[in-house]
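The values are calculated or read from the model by the stated rules, or taken from the named source; none is laboratory data. These figures come from a predicted structure and were not determined experimentally. Quick reminder, even Gly has a Cβ in these numbers, built from the backbone with ideal geometry, and neighbours come from all protein chains shown.
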Amino acid sequence: MKVLSIGSDRKLFEEGSSVRQRAIEYAGLFEELHIVVFSSKKLEAKSLQLTANCWVYSTNSWSRWFYIWGAIRIGKRIIRDSKFSIHDSVTAQDPFECGFAAYKIARRFKFPLHIQVHTDFLSPYFASLSLLNRIRVHIARRVLPQAKAIRVVSQRIKNSLIQDLRFKIKDSKITVLPIWTDLKKFTAGIPSFDLKQKYPEWSFIIVAVGRYSPEKNFTFAIEVLKQLVKKYPKTGLVMVGEGPLRGELERAVWRAGLYEHVAFEPWQTDLTSYYKTANLFIQTSLYEGFGLALLEAVASGCLAVSSDVGVAPELLNHKGHSFVCSVNDIECFVRTISGLVEDNQLRTFFSLDVAPSVIVPFLVTKENYLTAYKESIKSALG
C-alpha cells in the first residue's frame with residue numbers, strides 16, 4: 001500500500017530529529033510513504049528523500065493562507081507520478097487545514113480518506129482561544145464525516161466525536177491509538193541530578209512541563225502557587241519549556257511576587273531527572289488530546305495533579321483517590337495539593353503502588369504500536 005500523508009511538522013526537515021526517525025519507521029510499514037508538509041518560503045525547507053521509499057515535500061508557500069492549496073497541488077502530482085491505485089490511501093495529521101487538503105485530494109481521485117485527531121478540539125476551551133480555532137472546528141465538522149477511518153489518541157476524543165450528533169460518526173470508524181513513548185525510559189530511568197539539591201531553599205518542589213502557549217494555561221499554575229506559598233512558604237515551581245508566552249509568564253511571576261518561588265528552565269529532551277526528583281507534577285491545561293508529559297511523569301513515579309483533560313482521569317483516579325480537578329478550579333487544585341504536601345505517605349503510596357498499575361494499558365511495544373498504526377490506515381480501505 002502507498003500512503004500520501006498531509007501534515008505540518010517542520011521537524012521532518014531537521015536531520016536527526018525524532019519526528020524524522022518516526023517517519024522512517026512508518027515508511028517501513030508501507031510500499032511507499034509520501035509526506036507533504038505545510039511550510040513557508042522563509043523556512044527554506046527543501047523536499048527530500050529520507051529512504052528508498054520515503055519522501056518529504058515542502059509546500060514552500062508564501063504564507064500560511066496558501067498551505068492548503070500548495071499541499072493539494074503537490075499531492076495531486078505525487079499521486080499521478082507514483083501511480084497510486086484504489087488500494088492506496090490518503091491520511092492527514094489533523095482534521096483541520098491538513099484534513100481539508102487530504103479530503104480534497106482523496107475526493108478528486110476517489111481514494112479512501114484516513115484522518116488522525118491529536119487534539120480535543122470539541123472542548124469549549126479550544127474554540128474560545130481564537131477565531132482560527134473556531135474556523136478549524138467548522139472544517140473538522142465537514143472533513144471527519146467524509147473519512148473512511150479515524151485514528152484518535154484518547155478515549156476522551158472518541159467519546160466526544162460519537163456524542164456530538166452533528167458528526168454522525170459510527171463507533172466502528174474510530175480507532176483509539178495513544179501516542180507511543182518508551183515508558184521504560186521513565187520507569188527505570190536514573191536521575192542525573194536532583195531538584196532538591198539544585199533548589200535547596202524549597203522543601204516542596206512542583207514541576208510543570210510543556211510549551212509556553214495559551215492552551216497549557218501556565219498562568220493558572222502561577223495563581224495556584226501564589227495561594228500555596230501563603231501556607232507553605234518553602235514551596236517552589238520549576239517550569240520546563242519554551243514558547244511565545246515565556247515573557248508573559250515571567251511578568252506574571254513578578255506581579256505575583258513569586259520571583260523567589262519560580263524557576264524557568266529551557267526545554268529538555270530528557271525529563272527523567274525532573275520527574276524523578278520533584279515532589280509533584282502539575283498539569284493545568286485547558287484541553288489536551290492526550291497528555292504525554294503527564295503519562296511520563298506518572299510512569300516516573302511522580303504524583304500529579306491535573307485538570308480534567310486528556311488521559312488524566314485514567315491515570316489519576318484510583319481506589320477512591322482523585323487528583324483531577326475541573327479546568328481553572330483553583331480551590332480544588334490548592335486543596336488537593338495542600339493535602340499532598342502534608343501527606344508524604346500518600347505520595348509514597350502513589351509512587352510505589354498506584355503508578356505501576358495505572359500505566360499498564362500504555363505499556364505497548366513499539367512493534368505493536370506500529371502494527372496498530374498500519375492497521376488503522378488500512379481500515380480506511382474497508
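Quick notes
- Qualifying positions in region 337-359 - without any contact (Cβ under 8 Å) to a residue 40 or more places away in the chain and buried (at least 20 other Cβ atoms within 10 Å of the Cβ): V354
- Taking region 1-82 and the strands (runs of 3 or more DSSP E) fully enclosed by it, the elements with 1 or more residues that are surrounded by 19 or more Cβ atoms within 10 Å (Cβ to Cβ) and at pLDDT 95 or above are at 2-7, 32-37, 54-58.
- Taken over region 54-73, the residue count meeting the criterion of being in contact (Cβ under 8 Å) with a residue 24 or more places away in the chain, touching a Phe, Trp or Tyr at 6+ places or on another chain (Cβ under 8 Å) and β-branched (V, I, T) is 2.
- Subset of region 103-142 [under 21 Å from the mean Cα position of the chain (by Cα) and among the hydrophobic types (A, V, I, L, M, F, W, C)]: I115, V117, F121, L122, F126, A127, L129, L132, I135, V137, I139, A140
- In region 283-294, the residues that are modelled with pLDDT of 95 or more form Cβ pairs under 9 Å with partners that are part of a loop (DSSP other than H, G, I, E, B) and among the charged types (D, E, K, R), at six or more places apart or across chains, as follows: Y287/D120; E288/D120; G289/D120; F290/D120; L294/E288.
- Subset of region 188-228 [surrounded by fewer than 21 Cβ atoms within 10 Å (Cβ to Cβ), in contact with a strand residue (DSSP E or B) (Cβ under 9 Å, 6 or more places away or on another chain) and among the basic types (K, R)]: K196, K198
- A263 vs. criteria modelled with pLDDT of 95 or more, more than 18 Å from V334 (Cα to Cα) and either surrounded by fewer than 24 Cβ atoms within 10 Å (Cβ to Cβ) or hydrophobic (A, V, I, L, M, F, W, C) (or both): yes
- Whichever residue in region 360-382 is of a type in the set (A, V, I, L, M) and in a helix (DSSP H, G or I) and, among such residues, is surrounded by the fewest Cβ atoms within 10 Å (Cβ to Cβ): V360
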